Amino acid sequence: MPKEIPTRYDHTKEPDIYARWEAGGAFVPSGKGEPYSIVIPPPNVTGDLHLGHALTYGIQDTIARHQRRLGKDVLVLPGMDHAAIAVQALVEKKIQKEKGLSRSQIGREKFLEEVWVWIKHYMPRMETSLKRFGLSADWSRFRFTMDEHSKLAVRTAFVRLYEKGLIYKSEFIINWDPKMQTTISDDEIEYIEEATSFYTFKFGPFEISTARPETKFGDKYIVMHPRDKRYAKYKEGDTFECEWINGKITATIIKDEAVDPEFGTGVMTITPWHDKTDFEIATRHKLDKIQVIDQFGKLLPIAGEFAGRKIDEARKDIAQKLKDKGLLVKVDESYRHRVAVSYRGGGKIEPQILPQWFMKATAVKEAAIKAVKSGEIKFTPKNLEKLYFHWLKNLHDWCISRQLWWGHEIPVWYCVGTDKGRCLPECREPIVSIEPPKSCPHCGSRDLEQDPDVLDTWFSSGLWPFSTLGWPNEEAPDLKRYFPTSFLETAPEIIFFWVARMIMLSEALTGQVPFRHVYFHGFVLDAKGEKMSKSKGNVMDPMVMIDKYGSDALRMSLLGGNSPGTPQRYSEQKIIKYRNFATKVWNASRYVAEATANQLSAVSNQPKNAAFESQDENSERSADSRKPKAESWVLPSILDHTEEKFFEKLAKLEAKNEKNFTDLKLSVALEELYEFFWHDFADQFLEYEKTVIRESDNKVRAKQAKSCLLVALKRQLTILSDFAPFLVESINKEMLS
RNA sequence: GGAUCCUUAGCUCAGCUGGUUAGAGCGCUACAUUCACACUGUAGAGGUCAGAAGUUCGAAUCUUCUAGGAUCCACCA
């Protein structure tokens, strides 16, 4: 038996294999057969990729390779996301740390240069990672959500939606982050509990409770539930004189069902400018809205002697003043107040009213519900459909503008008109246009200013499945051939941020669904079942694992235990299991290759040190002589009982595998193959044929056994190539071809 | 408060249009060892499928309830 083939699969050659594939154009769509397209979820350019990325791209690539193997015209389109707020926050942190400068100190233009430095640093690293995951993407079609084409798509989408009346500008209560000086979407907020004093004050004939006396300067409405018997004698609109923080005020009675009669005293005053519920009540009843706190979290002149002070530190003094005036009833010190904070920047949210751009939910949500209800889009697992419907039903308008610098500029201009000084009233209307207007259509002034805000990241992400394929050019060949896309793989946690919005925007702009099938993987937890996060220090770097065990081992370990929608506990042990499997496959192949080579060529007089690991031509040639001859590839027409049984079982495995791919049970498909290869093939069938080969004096019988092994191996490797492409490629190249 | 999901061997998980003795990997025990592979092989121990009730000829699988756990959404003046 020649000793030239090493007993271990050498995974360090995986990058070379990828380079060969790429150079050979293996991932460029063939253009022949039924189209099958996957536009990958673009990873945020926030840094290096994590285990969840390895999982999602592993699943996508396994599916893509399978479809390619079935003869389809497969497109895997790669890309990355500019992640407006996330990247801006990271770059701000970086320049603060490195230069001690804040964003406003450095200025918008310079800041964006810093962002591009960041992007150019991380993008190539991330591309390398995706390649090491084995992602069989066509890199010539690579897209970034901030490239020129994406910008055009975003502007076009904005203008078209505006023209359809689906985008509008309105004063609205928004989540303002005084630290980042920006609005934050509801989805980007998390709540923390804070121990705080909970005060009860006299307010005219009523008692009201609050954790935030500093917001109460403008309160002049007192609200109660319309059916609360205790307050039945008060009528909506009744007014009364009332001593309050800075003197006497006139308060008005309001009745609204938003008040919970069970909570506290059952009455409350409202602060519409700084509280969402209060804003809604005030809007319903057409009440005044008064600003008390400025954008930096400081009190305005309405606060009298407290004006200019930070809200948090003024709170106790304000409470003290109310106490001195005899208005304090009691203080509950055990109260835990829920505080909203931005999970990106970490600032405490202070709601404010600001003009913002919105996208209407109502007009598109019916189409989005129908797309899934009708089965035009399928979800795996199916139960997430319920979640999706539930969310859409309660959907409110989406605030799409952000007071950030990094992101898509809003294609809206305003006439400033200082050059001619003859602006008309109409000049105040926004000019919404795909290309920058040269002059104001009303007064002709060339002095125009673009809206300083940028768009929420998810707006451009929502266009991703079609903007990448050439939209808004309806005639783009990729758009015509590959849209709607076939398959979307993502995490269940972004079903609303992203999946639902892609469906809505796609329906609104293209009139089609963006994809046919959505597969949600389960997210990866650590061995203790906790979420992996940088702050906990329990993250596992996929690149380190690939260096240690190989890309295929990592992929199989991630796919192996992952059921859609169900969280998966993960540890290095699982990678070791599949690394061992790779070694097993390697060695079984090694035996088969050598046995079949020996049968037909009496070579093996090669020098013992023939360096098969080196790439020189000698080793290539001697390797060739060892490879099986063509006739060994055909399954013999005569089989004995054991062989017949084995091939029946193999055929069953192949059928089950195909079914599992159809049902998207990748984990089951892989585990069945693992079982079959290791135990049915290597432990039993291979051992059986080995004995036949050794003990049979009939050359024809031995040859039959060898052919059986070769055919069986080849068929299993074909299935395995979806899951372990590098391993199978190495085996094919070094032993079989 | 609303919703979704989970609970199967020591650990991680399969198994679910209900049907022979409930499976795998890791771990554990004993044995084997030049013959593809110790990142190995052979043999084995280990489970009243969270608990209770119901439907059924038959339930890990379907229904209801109970207990424990996870996640998402809303609200908390």
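The values are calculated or read from the model by the stated rules, or taken from the named source; none is laboratory data. Values in this document were obtained by computation on a predicted structure and should not be read as measured data. A quick note on method: Cβ atoms are made from the backbone with ideal geometry, for glycine too, and the neighbour counts reach across all protein chains shown. These accessible areas exclude ligands, DNA and RNA; they are computed on the full protein's heavy atoms, side chains included. Shrake-Rupley method; radii C 1.70, N 1.55, O 1.52, S 1.80 Å.
A:Thr269's amide H: which non-local residues (gap 5+, or another chain) put their own amide H closer than 5 Å, with H modeled 1.01 Å from N in plane and none for Pro or chain starts?
Correct list: A:Val223.
Below 11 angstrom from the Cβ of A:Gly71, what's the summed charge of the other residues (Lys, Arg +1; Asp, Glu -1)?
+2
Under a point spin-label approximation (7 Å from Cα along Cα-to-Cβ), what is the A:Ile494-A:Ser30 distance to one decimal in nm?
Here the answer is 3.1 nm between the modelled labels.
Where the centroid of each part is defined by its Cα atoms, how far is segment A:40-111 from segment A:422-494 in Å?
That distance is 21 Å.
Calculate, in nm to one decimal, what A:Ser563 and A:Thr12 gain on full extension: separation in residues at 0.36 nm each, minus their alpha carbon distance.
Difference between extended and current length: 195.4 nm.
For a bin width of 5 Å, list the pair-distance distribution of segment A:128-215 built from all Cα-Cα distances, rounded to whole %.
3, 8, 8, 10, 12, 12, 11, 9, 8, 6, 5, 4, 2, 2, 0
At most 14 other Cβ atoms within 10 Å plus a DSSP loop assignment makes a site exposed; report the longest stretch of chain A without any exposed GluC sites (Glu not before Pro).
Answer from the scan: A:1-235.
Between A:Arg516 and A:Asp48, what FRET efficiency comes out of the Förster formula 1/(1 + (r/R0)^6) with R0 = 41 Å and r the beta carbon distance, rounded to 0.05?
That pair, A:Asp48 with A:Arg516, gives E of 0.85.
Lys and Arg at +1, Asp and Glu at -1: add these up for the other residues within a Cβ distance under 13 Å of A:Gln512 and post the number.
0
Using the Kirkwood radius over C-alpha pairs as Rh, can you work out the diffusion coefficient of segment A:1-75 via Stokes-Einstein at 25 °C, viscosity 0.890 mPa s, in µm² per second?
Using the Kirkwood radius from Cα pairs, D works out to 163 µm²/s.
Just by accessible area at a 1.4 angstrom probe, what is the order of A:Ser140, A:Ser445, A:Ser696 from largest to smallest?
If we order A:Ser140, A:Ser445, A:Ser696 from most to least accessible, we get A:Ser140, A:Ser696, A:Ser445.
Would you tell me the accessible area of A:Trp21, worked out with a 1.4 angstrom probe on the heavy atoms of the protein chains, in Å² to the nearest 10?
30
A:Gln105 to A:Ile434: FRET efficiency via 1/(1 + (r/R0)^6), r the Cβ-Cβ distance, R0 35 Å, to the nearest 0.05?
E(calc), rounded to 0.05, equals 0.55.
Tell me which aspartates and glutamates have Cα within less than 20 Å of A:Lys229's Cα, excluding those fewer than 8 residues away on the same chain?
Within the straight-line cut-off, A:Lys229 pairs with A:Glu207, A:Asp238, A:Asp256, A:Glu257, A:Asp260, A:Glu262.
On full extension of the chain, what length is gained from A:Glu113 through A:Glu194, given 0.36 nm per residue of separation minus the C-alpha to C-alpha distance?
25.3 nm
If you stretched the chain out fully between A:Glu207 and A:Gln291, how much longer would it get, using 0.36 nm times the residue separation minus the C-alpha to C-alpha distance?
27.9 nm
Would you list which aspartates and glutamates come within 12 Å of A:Lys72, measuring only between C-alpha atoms, while excluding same-chain residues fewer than 8 positions from it?
A:Glu34
At most 13 other Cβ atoms within 10 Å and a DSSP loop assignment: could you name the trypsin sites (Lys or Arg not before Pro) in segment A:284-332 that fit?
Passing sites in segment A:284-332 are A:Lys286.
For A:Phe240 and A:Asn538, what does the FRET efficiency come to when R0 = 45 Å and r is the distance between their Cβ atoms, rounded to the nearest 0.05?
My answer for the efficiency is 0.15.
I'd like the chymotrypsin sites (Phe, Trp or Tyr not before Pro) in segment A:294-388 restricted to DSSP loop residues with at most 16 other Cβ atoms within 10 Å, sorted by number.
A:Phe296, A:Tyr335, A:Tyr343
Can you flag which of A:Lys93/A:Lys276; A:Lys164/A:Lys386; A:Lys577/A:Lys714 are past 25 Å Cα-Cα?
From A:Lys93/A:Lys276; A:Lys164/A:Lys386; A:Lys577/A:Lys714, over 25 Å: A:Lys93/A:Lys276; A:Lys164/A:Lys386.
Which net charge results for the neighbourhood of A:Ala368, defined as the other residues with beta-carbon distances under 10 angstrom from its beta-carbon, given Lys and Arg at +1 and Asp and Glu at -1?
Taking every other residue near A:Ala368 into account, the sum is +2.
In whole Å, what are the extents of segment A:156-278 along the principal axes defined by its C-alpha atoms, from largest to smallest?
Result for segment A:156-278: principal-axis Cα extents of 57, 35, 30 Å.
How far is it, in nm, from the label point at A:Lys179 to the one at A:Ile638 when both lie 7 Å from their Cα along the line to the Cβ?
For the pair A:Lys179/A:Ile638, the computed spacing is 8.1 nm.
Would you kindly give the portion of the calculated P(r) for segment A:281-398 that falls above 24 Å, as a percent of all Cα pairs?
58
With label points built 7 Å along Cα→Cβ from the Cα atoms of A:Thr362 and A:Glu671, find their separation and express it in nm.
Distance between label points: 4.9 nm.
Given the DSSP H assignment, sum -39500 (n - 2.57) over each helix run of at least 4 residues in chain A and divide by its residue total; what's the result at 222 nm in deg cm²/dmol, nearest 500?
-12500 deg cm²/dmol
Using the 4.7 Å Cβ rule, please list in number order the cysteines from chain A without any candidate partner.
A:Cys242, A:Cys399, A:Cys443, A:Cys708
Distance check, please: which entries in A:Lys32/A:Lys548; A:Lys151/A:Lys382; A:Lys94/A:Lys151; A:Lys97/A:Lys120; A:Lys330/A:Lys531; A:Lys131/A:Lys659 exceed 31 angstrom between their Cα atoms?
Over 31 Å Cα-Cα: A:Lys32/A:Lys548; A:Lys151/A:Lys382; A:Lys330/A:Lys531.
Excluding ligands and nucleic acids, what accessible area in Å² is computed for A:Arg516 using a 1.4 Å probe, to the nearest 10?
Approximately 110 Å² of A:Arg516 is accessible to the 1.4 Å probe.
Anything in chain A that counts as a DSSP H helix reaching 18 Å or more along its axis (C-alpha) with Kyte-Doolittle mean of at least -0.5? List them, would you?
A:84-99, A:148-163, A:699-723
Is the shape of segment A:445-496 rounded, prolate or oblate, going by the alpha carbon gyration tensor and its root eigenvalues a ≥ b ≥ c, with a/c under 1.5 for rounded and a/b larger than b/c for prolate?
oblate
Nearest 5 is fine: what % of DSSP beta bridges in chain A come out antiparallel, could you say?
Bridges in chain A are about 70 percent antiparallel.
Treat chain A as a sphere of radius equal to its Kirkwood radius over Cα pairs and apply Stokes-Einstein at 10 °C in a medium of 1.306 mPa s; give the translational diffusion coefficient in µm²/s, rounded to a whole number.
52
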